[in-house]
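A.B. asks: Have a look at this one before I ask anything.
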Amino acid sequence: MSPSMIAPVMEEENKKYQKGVKHLCDNGLTKVPTKYIWPEPDRPIFTISDKLIKPKQNLKLPLIDFAELLGPNRPHVLRTIAEACKTYGFFQVGSQNPKLHEVISRFLAKQVSYGNGQVVNHGMEGDVSKNMIEVCKRFFELPYEERSKYMSSDMSAPVRYGTSFNQIKDNVFCWRDFLKLYAHPLPEYLPHWPSSPSDFRSLAATYAKETKEMFEMMVRAILESLEIDGGDEAAEELEEGSQVVVVNCYPPCPEPELTLGMPPHSDYGFLTLLLQDDVEGLQILYRDEWVTVDPIPGSFVVNVGDHLEIFSNGRYKSVLHRVLVNSTKPRISVASLHSFPLTSVVKPSPKLVDEHNPPQYMDTDFTTFLRYVSSREPKWKNFLESRKITI
Ligand code: OGA
Ligand code: NI
């Protein structure tokens with residue numbers, strides 16, 4: 001074929017991938033298309049029989065039971081949080097206890113009663129996280145035409161359906177489709193959220209509200225674990241901050257050893273609360289090795305984002321993580337990303353900076369970040385690295 005003929009063919013091919021992985025798989029697939037094949041050093045290591053070589057056992061992240069924060073164990077739990085944020089940049093919240101939400105709502109009810117003297121009923125109806133996973137599954141099962149209504153190339157669109165990381169810029173695609181929802185302030189964004197499935201908005205809105213409450217609860221614990229006296233100012237700013245809910249869909253992949261659900265990245269933001277279904281896939285970089293996080297049903301994986309690393313002046317680490325796919329089971333995860341308002345300037349807390357601890361990061365605003373990600377693939381920790389002060 002002459003070069004002049006190859007170009008249109010390539011364009012046609014690329015158009016196909018713009019519709020996402022789910023669409024591709026729904027039309028039958030036995031091999032991973034070249035577009036999704038990662039360079040060898042970036043690929044996960046599988047054996048020929050399609051089994052992931054696990055360097056060690058799955059990683060059991062420190063498990064935080066927030067109910068204990070109220071009791072005599074509070075100082076101990078705070079120390080565990082601090083240790084986890086320094087060592088792994090990750091921890092899990094919850095317990096084997098299927099009544100996690102009840103535990104959390106009891107905690108919140110008390111927390112609110114401490115805060116303003118009145119008890120608000122936070123009783124969570126039914127199983128909020130289970131409903132969320134389930135309705136998201138149904139969203140991704142809708143016909144492509146319905147899902148694609150929300151496709152947009154505008155990075156700051158309040159609702160954005162898409163594929164890979166940045167489907168305009170990525171050279172190699174990831175095996176992932178997503179639905180990104182701006183979630184705070186909710187009344188402003190909710191009318192833009194998908195209206196199908198018919199119960200999507202109500203279930204996802206409940207989920208967003210309750211994760212926001214969990215985030216607020218965790219922010220107070222994190223500030224206290226940093227031993228910042230009167231961290232209230234930051235807590236209040238974060239309460240008014242941004243929340244983006246990202247639903248990730250990873251269809252089964254015929255050759256999971258060749259691709260990634262998500263490439264190594266750190267999360268922009270202060271904290272991410274990640275809900276996974278029962279299929280494993282998340283790996284974090286721990287002591288230079290990729291380790292798989294054991295999903296604990298009903299619990300949340302919480303991780304330090306770039307903003308918390310900056311705010312804590314490097315005490316807490318925004319750690320690289322990635323997602324593997326597998327050949328048999330579809331996987332859904334819901335990441336709720338929380339941070340300061342988009343108009344804020346993020347900088348090391350003045351309370352953690354003194355003559356012995358000079359600021360390690362430049363003041364950083366959202367515009368700088370957007371400019372950065374629009375100009376390249378937000379892989380690895382490039383953005384955070386670019387904000388480091390080097391002497
Ligand atoms: C993310 C993320 C992990 C997962 O959405 O930023 O890292 O398991 N997700 O889907
Ligand atoms: Ni992430």
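The values are calculated or read from the model by the stated rules, or taken from the named source; none is laboratory data. Keep in mind that what you see is a predicted model, and the values were worked out from it rather than measured. Because the Cβ atoms are built from the backbone with ideal geometry, glycine has one as well, and the counts that use them run over all protein chains shown. Quick note on the areas: whole protein, heavy atoms, side chains included, nothing else; ligands and nucleic acids left out. Shrake-Rupley method; radii C 1.70, N 1.55, O 1.52, S 1.80 Å.
A.B. asks: Right, Glu227: modelled with pLDDT of 90 or more and not β-branched (Val, Ile, Thr) or not? It would help to see each step written out before you state the result.
C.D. replies: Working: modelled with pLDDT of 90 or more: yes; not β-branched (Val, Ile, Thr): yes.
For Glu227, the condition - modelled with pLDDT of 90 or more and not β-branched (Val, Ile, Thr) - is met.
A.B. asks: For Tyr316, state whether it is open to solvent by less than 50 Å² (accessible area, probe 1.4 Å), out of contact with any His (no Cβ under 7 Å at 6 or more places or on another chain), farther than 29 Å from Lys137 by Cβ and away from ligand 2 (no atom under 16 Å from the Cβ).
C.D. replies: Details: open to solvent by less than 50 Å² (accessible area, probe 1.4 Å): yes; out of contact with any His (no Cβ under 7 Å at 6 or more places or on another chain): yes; farther than 29 Å from Lys137 by Cβ: yes; away from ligand 2 (no atom under 16 Å from the Cβ): no.
Answer is no for this residue.
A.B. asks: While we're on this one: Name the residue that is farthest from Ala221 (Cα to Cα), counting only residues in the stretch 319-329 that are open to solvent by 20 Å² or more (accessible area, probe 1.4 Å) and either small (Gly, Ala, Ser) or in contact with a helix residue (DSSP H, G or I) (Cβ under 8 Å, 6 or more places away or on another chain) (or both).
C.D. replies: Filtering first and then ranking leaves Ser327.
A.B. asks: Tell me which residues, restricted to the stretch 15-41, are part of a helix (DSSP H, G or I), touching a Pro at 6+ places or on another chain (Cβ under 9 Å) and surrounded by fewer than 18 Cβ atoms within 10 Å (Cβ to Cβ).
C.D. replies: Filtering the stretch 15-41 down to residues part of a helix (DSSP H, G or I) leaves 15-18, 21-26, 34-36, 40-41.
With the extra rule that they be touching a Pro at 6+ places or on another chain (Cβ under 9 Å), the set shrinks to 16-17, 21-22, 24-26.
Correct list: Lys16, Cys25, Asp26.
A.B. asks: Determine if the stretch 353-370 includes at least one residue that is in contact (Cβ under 8 Å) with a residue 60 or more places away in the chain and within 16 Å of ligand 1 (Cβ to nearest atom).
C.D. replies: Filtering the stretch 353-370 down to residues in contact (Cβ under 8 Å) with a residue 60 or more places away in the chain leaves 369-370.
Keeping just the survivors that are within 16 Å of ligand 1 (Cβ to nearest atom) gives 369.
Within the stretch 353-370, one or more residues are in contact (Cβ under 8 Å) with a residue 60 or more places away in the chain and within 16 Å of ligand 1 (Cβ to nearest atom).
A.B. asks: Could you check, for the stretch 323-335, whether at least one of its residues is within 15 Å of ligand 1 (Cβ to nearest atom), within 12 Å of the chain's Cα centre (by Cα), closer than 23 Å to Ala235 by Cα and in contact (Cβ under 8 Å) with a residue 12 or more places away in the chain?
C.D. replies: There is at least one residue in the stretch 323-335 that is within 15 Å of ligand 1 (Cβ to nearest atom), within 12 Å of the chain's Cα centre (by Cα), closer than 23 Å to Ala235 by Cα and in contact (Cβ under 8 Å) with a residue 12 or more places away in the chain.
Here's the yes/no breakdown for (1) among the charged types (D, E, K, R); (2) touching a strand residue (DSSP E or B) at 6+ places or on another chain (Cβ under 7 Å); (3) open to solvent by 60 Å² or more (accessible area, probe 1.4 Å):
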position	(1), (2), (3)
Arg331	yes, yes, no
Val334	no, yes, no
Pro341	no, yes, no
Val346	no, yes, no
Asn357	no, no, yes
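A.B. asks: On the basis of being within 15 Å of ligand 2 (Cβ to nearest atom) and free of Cβ contacts under 8 Å to residues at least 60 places away in the same chain, does His265 make the cut? Steps first, answer last, please.
C.D. replies: On the way: within 15 Å of ligand 2 (Cβ to nearest atom): yes; free of Cβ contacts under 8 Å to residues at least 60 places away in the same chain: no.
So His265 fails the test.
A.B. asks: Here are Phe139, Phe215, Phe173: which of them is touching a Pro at 6+ places or on another chain (Cβ under 8 Å) and of a type outside the set (D, E, K, R)? If you could, list the steps in order and put the result at the bottom.
C.D. replies: Working: Phe215 fails: touching a Pro at 6+ places or on another chain (Cβ under 8 Å); Phe173 fails: touching a Pro at 6+ places or on another chain (Cβ under 8 Å).
Going through Phe139, Phe215, Phe173 in turn, the sole match is Phe139.
A.B. asks: When the residues of the stretch 232-248 are filtered to those that are open to solvent by less than 10 Å² (accessible area, probe 1.4 Å) and more than 16 Å from ligand 2 (Cβ to nearest atom), which remaining residue is nearest to Ala82 (Cα to Cα)?
C.D. replies: Ala235
A.B. asks: For the stretch 252-263, what are the residues that are within 13 Å of ligand 1 (Cβ to nearest atom) and either among the basic types (Lys, Arg) or open to solvent by less than 10 Å² (accessible area, probe 1.4 Å) (or both)? If you could, list the steps in order and put the result at the bottom.
C.D. replies: Residues of the stretch 252-263 within 13 Å of ligand 1 (Cβ to nearest atom): 260-263.
Passing the criteria: Leu260, Gly261, Pro263.
A.B. asks: From the list Tyr250, Tyr268, pick out the single residue that is within 30 Å of Thr34 (Cα to Cα) and out of contact with any Leu (no Cβ under 8 Å at 6 or more places or on another chain). Before the answer, list the steps.
C.D. replies: Numbers: Tyr268 fails: out of contact with any Leu (no Cβ under 8 Å at 6 or more places or on another chain).
Answer to the check: Tyr250.
A.B. asks: What pairs come up if the first residue lies in the stretch 231-248 and is farther than 19 Å from Tyr268 by Cβ, the second is in a loop (DSSP other than H, G, I, E, B), and their beta carbons are under 9 Å apart, counting only those six or more places apart or on different chains?
C.D. replies: Gly231/Ser349
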